[in-house]
Amino acid sequence: MEISTNTKDYRHCTEEKVRYDDLDTYNHVNNKAFLTYIEDSRVRYLRDVALFEDRASDLEGIVIARGEIDYLASILYGDRVKVYTRCSRIGSKSYELHSLITAERDKTEILAAKSRAIVVTIHRESGQSQENNQETVQAIRKFEG
């Protein structure tokens with residue numbers, strides 16, 4: 001599925017603070033920091049929407065099976081960064097999550113990156129893939145509409 005670049009298509013949003021350590025030698029946010037912003041947002045999405053934190057004792061977990069990112073613009077120190085996340089597809093054992101990173105500079109929101117991740121549900125002890133938890137599926141469907 002194509003990644004929507006319209007932030008209005010995303011109901012979950014987190015804000016990130018650009019740290020000095022996020023910068024490269026050109027004073028741009030480095031690639032590793034982009035990935036960390038997306039990871040933090042993905043974890044918050046799963047906790048906020050899919051209630052993963054409420055079931056922390058369960059043996060259900062997720063792993064990233066595929067991740068891709070398109071870098072579209074630089075982020076600079078002082079920019080206000082937002083990460084928008086949504087679930088675009090639910091499989092029997094996986095979810096497809098899309099993310100957008102924007103940077104607000106001079107009161108203009110700039111699309112800095114778009115990302116897709118396929119996350120697979122696993123059994124924590126065996127490490128094998130397993131069917132998605134139906135509570136998780138229903139919580140995501142309810143949130144996403």
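For segment 94-110, the candidate set comprises residues that are among the hydroxyl-bearing types (S, T, Y) and more than 12 Å from the chain's Cα centre (by Cα); within that set, the residue that is nearest to C13 (Cα to Cα) is T102. Of all the residues in segment 68-81, those that are in a strand (DSSP E or B), surrounded by fewer than 20 Cβ atoms within 10 Å (Cβ to Cβ) and not hydroxyl-bearing (S, T, Y) number 5. Each residue in segment 5-22 was checked for being in a helix (DSSP H, G or I) and either within 13 Å of V83 (Cβ to Cβ) or of a type in the set (A, V, I, L, M) (or both), and 1 of them qualify. Consider segment 110-128 and keep the residues that are at pLDDT 95 or above and in contact with a Lys or Arg (Cβ under 7 Å, 6 or more places away or on another chain). The one that is farthest from N6 (Cα to Cα) is V120. Scanning segment 23-67 for residues that are within 17 Å of L111 (Cα to Cα) and assigned to a loop (DSSP other than H, G, I, E, B) yields one hit, N30. For E2, the criteria (1) over 18 Å from I118 (Cβ atoms); (2) part of a loop (DSSP other than H, G, I, E, B) hold in every case but one, which is (1). Evaluated against (1) at pLDDT 95 or above; (2) surrounded by 15 or more Cβ atoms within 10 Å (Cβ to Cβ); (3) closer than 26 Å to D22 by Cβ, L46 falls short on exactly one condition, (1). Just one of the numbered conditions (1) farther than 22 Å from I110 by Cβ; (2) modelled with pLDDT of 95 or more; (3) assigned to a loop (DSSP other than H, G, I, E, B) is not true of Y95: (3).
Being part of a strand (DSSP E or B) and of a type in the set (G, A, S) is the filter; apply it to segment 112-136 and report the residue that is farthest from R89 (Cα to Cα). Taking the candidates together, the pick is A112.
Collect the residues in segment 111-128 that are surrounded by fewer than 15 Cβ atoms within 10 Å (Cβ to Cβ) and either in contact (Cβ under 8 Å) with a residue 24 or more places away in the chain or under 21 Å from the mean Cα position of the chain (by Cα) (or both), keeping them in residue-number order. Once the filter is applied, which keeps residues that are surrounded by fewer than 15 Cβ atoms within 10 Å (Cβ to Cβ) and either in contact (Cβ under 8 Å) with a residue 24 or more places away in the chain or under 21 Å from the mean Cα position of the chain (by Cα) (or both), segment 111-128 yields H123, R124, E125.
The values are calculated or read from the model by the stated rules, or taken from the named source; none is laboratory data. What you see is a predicted model, and the numbers here were worked out from it, not measured in a lab. Positions of Cβ are generated from backbone atoms using ideal geometry, with glycine treated the same way; all protein chains shown enter the neighbour counts.
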